[in-house]
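Enquirer: Have a look at this one before I ask anything.
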Amino acid sequence: MNLLDLDDDSLSCLLHHLPIEDHMNFAKVCQRFHRIWEDYKCWIYKRMELGSTSDKGFKQELILLHHTADYVKNLIVNLNRKFEWNKIYMAKFLNMLKRMHTLERLILWLKDDEPYEVLETIIRTLEHLPNIKCIATYQDNEVVDILYQFDDYEDFLKESKMSRNPMIEPIYSHTKIRLLVLNNAPIKETLADLAQHSKRIKELSFRMTQKAEEYSPLAELPNLRVLQIFGHYGDDCPDLMPLVTALSSKLLHQLSSLTIHVPGLGYDETAEIIRIEGLQRLDCHFSELRCLELLKHLKVITYLFIRVAHTENIDNLVLTIIEHCPTLLVIQIDSPNLSRSIIPKALKVLQKLRNSKDQSPLRLMFGKNPVQLDADTREYLRVFW
């Protein structure tokens, strides 16, 4: 087998993992590679990073951004650069930024002595983008964990010019914040105010630094759709039941995406999670194999990410999930014990229950390497091992 024997999905995956400055070279290899590059743009370039390479590599990144700007939703710009951004580079970048109408999130890595005028120019450009939701700034390798809150671009620029000392301001009901990332911020004293005033927050991400029940007020956020909870794995397993119970009772119909990377998610907690009727995406670390038995009740789930440390074979549990979750598009499993015999078994289940003309093939993500499959199987399955 040589490179050209790979199917389009496999080659697009290969392209996705190439250094970003090599993508244009890939597109120039042959007509087929150029077609793949064109066809998979909307998937590969949802997220892009600029400026982490050399001067030569950055030129290639700008050329690539020129061709893909319409697809980028998340952009990371490294201004803490190893080379000098001259006026020409900055002008080209700003001209492209002006037409990135699908851009939702921008992260700026700043030098410690970054001129204020550079930041102001970028922010002024962002003011005219219709879909921008989040702007984050990182200075050198320091991350400010305490929450900054600004009602508009003017407040943000004013504070950036004066100082960057950590501060917390009240979050009033008129705030425009939709995405809130707390990282390791000490938020214990602010949770009650957060739930009371942050009526419009749709996405929330935080790392647990106190007992799980102290986060229960977050379940009162009326528009919360996406929740990410992270923990410290060196700690003892916390009792997650009070928090999970609050989520399943208060967010029963509205929560669509839940991530819990905290040790100690057992059977009882999982039984509460599956009560959330609108859950479409679930990403969890499970402490017990029998937790997987409950996942078959997630009738509208589309993306399922499972981490389980047990060494027992879980093939049958996975097949049960595939059989009972008709809307599932992606199932990713991080487990030390899965056998390749699950591939033909999964195919039989899908052939019995699904219409390949009406539904996209199910993606089984058991690793990073694409598995070569025959044409009939590919109508129902894409497998990575």
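Enquirer: Any idea what the dipole of segment 226-385 comes to, in debye rounded to 20, about its Cα centre with Lys/Arg Cβ at +1 and Asp/Glu Cβ at -1? Each step should come with its number before you reach the end.
Expert: Values: 17 positive and 18 negative charges, 156 e Å.
I would put it at about 740 debye.
Enquirer: Compute, for segment 45-143, the length of the dipole vector about the Cα centre, with Cβ point charges of +1 (Lys, Arg) and -1 (Asp, Glu) only. Units Debye, rounded to 20. It would help to have the intermediate numbers written out before the result.
Expert: Values: 15 positive and 14 negative charges, 108 e Å.
With only Lys, Arg, Asp and Glu charged at Cβ, the dipole is about 520 debye.
Enquirer: Determine the sum of side-chain charges near residue 267: Lys and Arg each +1, Asp and Glu each -1, restricted to other residues whose C-beta is under 9 angstrom from that of residue 267.
Expert: Values: positive: 290; negative: 268, 269, 288, 293.
Here the count lands on -3.
Any read-out appearing in this document is the output of simple, stated calculations on the displayed coordinates, not a laboratory observation. All of these numbers come straight from a predicted model, not from anything done at the bench. For neighbour counting, all protein chains shown are included, and Cβ atoms are generated from backbone atoms with ideal geometry for every residue, glycine included.
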